[in-house]
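Report on the following structure.
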Amino acid sequence: MLQFGGRDLRVRALAGAVALAMVGAAAPVVPAVAQSAPIGQRSLPDFTDLVDMVGPSVVNIRTLEKATPRTGGGEDAMDEQMLEFFKRFGIPMPNGPRGGNGPRGQRPQQGEEQPRGVGSGFILTGDGFVMTNAHVVDGADEVIVTLTDKREFKAKIVGADKRTDVAVVKIEATGLPAVKVGDLSRLRVGEWVMAIGSPFGLENSVTAGIVSAKQRDTGDYLPFIQTDVAINPGNSGGPLINMRGEVVGINSQIYSRSGGFMGISFSIPIDEAINVSEQLRQSGRVSRGRIGVQIEPVTKDVAEAIGLGKPQGALVRGVETGSPAEKAGIEAGDIITRFDGKTIERTSDLPRLVGSTKPGTKSTATVFRRGATRDLTITIAEIEPDQPARKPVEKEEARPTSNAGKGLGLGVSELTPVQKKELKLKGGVRVDTATEGAARAGLKEGDVIVAVANIEVTGVKEFEAAVAKADKTKPVSVLVRRGEWAQYALIRPAR
């Protein structure tokens, strides 16, 4: 699972073994050389100069909250685990969450400020703007920023964006050592990177590793940088630094089954973070575009069955009422293959492209519908909070029926005008029974079929004609509406 409780990096124990493998057990150690040198002659990097260069720009962030009455349980158990960790390794317990150096079991009084969490950050500008993770400062009543020279400042939260997990805080200071921002286009998989942060409250801890992957999908709006740098609780918000001393990411997440580091860490790309920070500094919030569709991936089987070719694009499962997508003519069952000329290779590409588009912009969406593509002009709206699902309305009894789909395991009936109005459909047939192939494909009573084998179905007669034309020796694609959602199903006829 992805964990947001801690995120920064450490040097792996395998480094020594890798060094022997690279230079040979009997060969002398070769000093660092230019990148043009043969691979076998390269040595492991020295991070000492990078630490001297970037270290002063990294800060420790402590958050405080007002105490409220608590019962024993999850957080108390976590406190015990933290105490055991420091005890086992002979480390003095820092003034961290819930305890510090006070008597064990003593709890602050209600309303009294108490430690809430520890994280990391880095100085973005010399006049006191500091970048960190949104989850580090979320819910804090007070934020304390500590510099490497031990100066402490109360910080003001300028803004936080939970969708990208980026936050900006401001301290009243000048002449601070700001970081240098790197160029993400130059970042390569396999290159060395370093992180500085406060894992478990241990300030100014340095860890290192390599870039494992770029453009890793773990969120709606960000393609993360994956590394093998050790990230643990307290490292969140710290910088990921390349060998030129430039910040290329914000350490944010780990993949873990135990709660601790397991060799996979994720960092927010710095270019995305800078875009967010600029909006936060200007207005305290982030404005994103939206078009009002619910989407899902296009599978290989569906792509082949409907003639799309390769599985790409975003399948529209539903269209919000009154949304820009509805006004532009996008329908449930469409596959959006391009947005403003950019190909949608993966489903996650669409929300990123739309989200980064300024509200009010007129954009072009290319959709694949029943074997053909078309371009639709859509005016981007501003993203808004999720709307609660609409309560279903009682439906009238459907009338004319058909057993023409018996070979597919389908019994259908005509939609009534009320049903069409509620579902915002021009036509379709209601599934009354789903057995054999239809049942195996996931269809069930109450579903509405709007297309069979890329042929639009407006009623029972059209359904019968489409079924008659379908090649029964191959899986038959069926576009199905279930409530406000649409999806493709492949019915494999009985043999």
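The values are calculated or read from the model by the stated rules, or taken from the named source; none is laboratory data. Nothing here was measured: the structure is a model prediction, and the numbers come from that model. Cβ placement follows ideal geometry from the backbone for every residue including glycine, while neighbour counts extend to all protein chains displayed. Just the protein is used for accessible areas: all its heavy atoms, side chains included, with ligands, DNA and RNA removed. Shrake-Rupley method; radii C 1.70, N 1.55, O 1.52, S 1.80 Å.
Things worth noting here:
- Residue identified as open to solvent by less than 40 Å² (accessible area, probe 1.4 Å), of a type in the set (A, V, I, L, M) and under 30 Å from GLY292 (Cα atoms) among VAL476, VAL412: VAL476
- The strands (runs of 3 or more DSSP E) found wholly in the stretch 317-395 include none carrying at least 2 residues that are under 23 Å from ALA305 (Cα atoms), modelled with pLDDT under 90 and open to solvent by 60 Å² or more (accessible area, probe 1.4 Å).
- Selected residue (criterion: modelled with the lowest pLDDT) from residues of the stretch 106-159 that are buried (at least 18 other Cβ atoms within 10 Å of the Cβ) and in a loop (DSSP other than H, G, I, E, B): ALA140
- The residues of the stretch 304-316 that are within 22 Å of ILE455 (Cβ to Cβ) and surrounded by fewer than 13 Cβ atoms within 10 Å (Cβ to Cβ) amount to a single one, GLY309.
- Residue within the stretch 294-303 that is modelled with pLDDT under 90 and open to solvent by less than 10 Å² (accessible area, probe 1.4 Å) present: no
- Subset tally (residues that are in contact with a Phe, Trp or Tyr (Cβ under 6 Å, 6 or more places away or on another chain), open to solvent by 20 Å² or more (accessible area, probe 1.4 Å) and outside any strand (DSSP E or B)) for the stretch 161-178: 1
- Every residue from the stretch 409-429 that is outside any helix (DSSP H, G or I) and under 25 Å from ALA325 (Cβ atoms): LEU415, LYS424, LEU425, LYS426, GLY427, GLY428, VAL429
- Every condition in (1) on the phi > 0 side of the Ramachandran plot; (2) surrounded by 18 or more Cβ atoms within 10 Å (Cβ to Cβ) holds for ASN204 except the one numbered (2).
- The stretch 210-231 - residue that is small (Gly, Ala, Ser) and in contact with a Gly (Cβ under 9 Å, 6 or more places away or on another chain) and, of those, nearest to GLY119 (Cα to Cα): ALA230
Residue-wise test of (1) over 24 Å from THR227 (Cα atoms); (2) among the polar types (S, T, N, Q); (3) out of contact with any Gly (no Cβ under 7 Å at 6 or more places or on another chain).
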residue: PHE122; (1), (2), (3): no, no, no
residue: ALA134; (1), (2), (3): no, no, yes
residue: VAL143; (1), (2), (3): yes, no, yes
residue: PHE153; (1), (2), (3): yes, no, yes
residue: VAL181; (1), (2), (3): no, no, yes
residue: PHE200; (1), (2), (3): no, no, no
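- On inspection, ILE225 qualifies as buried (at least 22 other Cβ atoms within 10 Å of the Cβ) and hydrophobic (A, V, I, L, M, F, W, C).
- ARG440 vs. criteria surrounded by fewer than 16 Cβ atoms within 10 Å (Cβ to Cβ), at pLDDT below 90 and not small (Gly, Ala, Ser): yes
- Of all positions in the stretch 307-319, at least one carries a residue that is of a type in the set (Lys, Arg) and out of contact with any strand residue (DSSP E or B) (no Cβ under 7 Å at 6 or more places or on another chain).
- Pick from the stretch 450-467, criterion touching a strand residue (DSSP E or B) at 6+ places or on another chain (Cβ under 6 Å) and part of a loop (DSSP other than H, G, I, E, B), ranking: surrounded by the fewest Cβ atoms within 10 Å (Cβ to Cβ): GLY459
- The residues in the stretch 476-495 that are touching an Asp or Glu at 6+ places or on another chain (Cβ under 7 Å) and part of a loop (DSSP other than H, G, I, E, B) can be counted, and the count is 1.
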